[in-house]
1. Identify all residues within the stretch 1-41 that are more than 15 Å from the chain's Cα centre (by Cα) and within 23 Å of ARG100 (Cα to Cα); write none if there are none.
2. When you check VAL111 against the structure, is it open to solvent by less than 30 Å² (accessible area, probe 1.4 Å), farther than 22 Å from THR33 by Cα and modelled with pLDDT of 95 or more, yes or no?
3. Considering each residue of the stretch 31-45, count those that are out of contact with any strand residue (DSSP E or B) (no Cβ under 8 Å at 6 or more places or on another chain) and part of a helix (DSSP H, G or I), and give that number.
4. Let me spell it out: the conditions are (1) open to solvent by 20 Å² or more (accessible area, probe 1.4 Å); (2) at negative phi, and GLY34 meets all of them except one. Which number is the exception?
5. Identify the single condition in (1) open to solvent by 40 Å² or more (accessible area, probe 1.4 Å); (2) of a type outside the set (Val, Ile, Thr); (3) over 16 Å from the mean Cα position of the chain (by Cα) that SER82 does not satisfy, given that it satisfies every other one.
6. Mind checking whether some residue in the stretch 148-157 is under 16 Å from ILE91 (Cβ atoms) and in contact (Cβ under 8 Å) with a residue 60 or more places away in the chain?
7. Is there a residue being touching a residue at least 40 places away in the same chain (Cβ under 8 Å) and more than 13 Å from the chain's Cα centre (by Cα) anywhere in the stretch 56-64?
8. Return yes or no: is SER141 assigned to a loop (DSSP other than H, G, I, E, B), open to solvent by less than 50 Å² (accessible area, probe 1.4 Å) and not basic (Lys, Arg)?
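The values are calculated or read from the model by the stated rules, or taken from the named source; none is laboratory data. All values reported here derive from a predicted model rather than from experimental measurement. Here the Cβ positions follow ideal geometry from the backbone for every residue, glycine too, while neighbour counts run over all protein chains shown. Accessible surface is based on the protein model in full, side chains and every heavy atom, while ligands, DNA and RNA are left aside. Shrake-Rupley method; radii C 1.70, N 1.55, O 1.52, S 1.80 Å.
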Amino acid sequence: MSQKVIHTIAPVYDSNSRVLLLGTIPSPKSRETGFYYGHPQNRFWKVLAAVFDEEIPDTILKKQQLLKQHRVALWDVLHACSIAGAEDASIREPEPNDLRPLLKAAPIQAVFCTGQRAAALYQKHLLPQTHIPAVALPSTSPANCAKSLEQLIKAYQQILPYLEERA
């Protein structure tokens, strides 16, 4: 059963953010916990911690600090949509977020989407606004059991070159 969902979690970024990671829209569990990738079986925080050789953050504050420390902005493609549970394939009536304030405040070098559906929605609704092509990364969702944790870590390491200091 689809329901109308409106995004209520603020984006995470600051003036040092260089990479923007975009999901589709927060899952029911993320909305319940009040932060991104809140489902305990979602591997997003394990993957990012491994990419940066850090401890896995276990609070919202530590997750925000991990992102900001490593110059990663985090948000979602959609402001609202109709969706059945956390099933991205069921998304209907998508309403995109306005990325312009974020892109104005942060010198984003690259955009990555955390899954194929997020990438397709970005391509259709946000690329015309941003003019920044996005790279699709594999989903860290527990539904994506085709990818091992090691494969996810290797894929997400693609963000690292964009985070290096430029002379």
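1. Within the stretch 1-41, VAL5, ILE6, ASP14, SER15, ASN16 qualify.
2. Values: open to solvent by less than 30 Å² (accessible area, probe 1.4 Å): yes; farther than 22 Å from THR33 by Cα: yes; modelled with pLDDT of 95 or more: yes.
Yes.
3. Kept after step one, since they are out of contact with any strand residue (DSSP E or B) (no Cβ under 8 Å at 6 or more places or on another chain), are these residues of the stretch 31-45: 32-35, 38-43, 45.
Checking the rest, the ones that are also part of a helix (DSSP H, G or I) come to 32-33, 45.
Within the stretch 31-45, residues that are out of contact with any strand residue (DSSP E or B) (no Cβ under 8 Å at 6 or more places or on another chain) and part of a helix (DSSP H, G or I) number 3.
4. (2)
5. So SER82 meets the others, but not (1).
6. Step one: of the stretch 148-157, the residues under 16 Å from ILE91 (Cβ atoms) are none.
Within the stretch 148-157, none of the residues are under 16 Å from ILE91 (Cβ atoms) and in contact (Cβ under 8 Å) with a residue 60 or more places away in the chain.
7. No, the stretch 56-64 has no match at all.
8. Values: assigned to a loop (DSSP other than H, G, I, E, B): yes; open to solvent by less than 50 Å² (accessible area, probe 1.4 Å): yes; not basic (Lys, Arg): yes.
Yes: the conditions hold for SER141.
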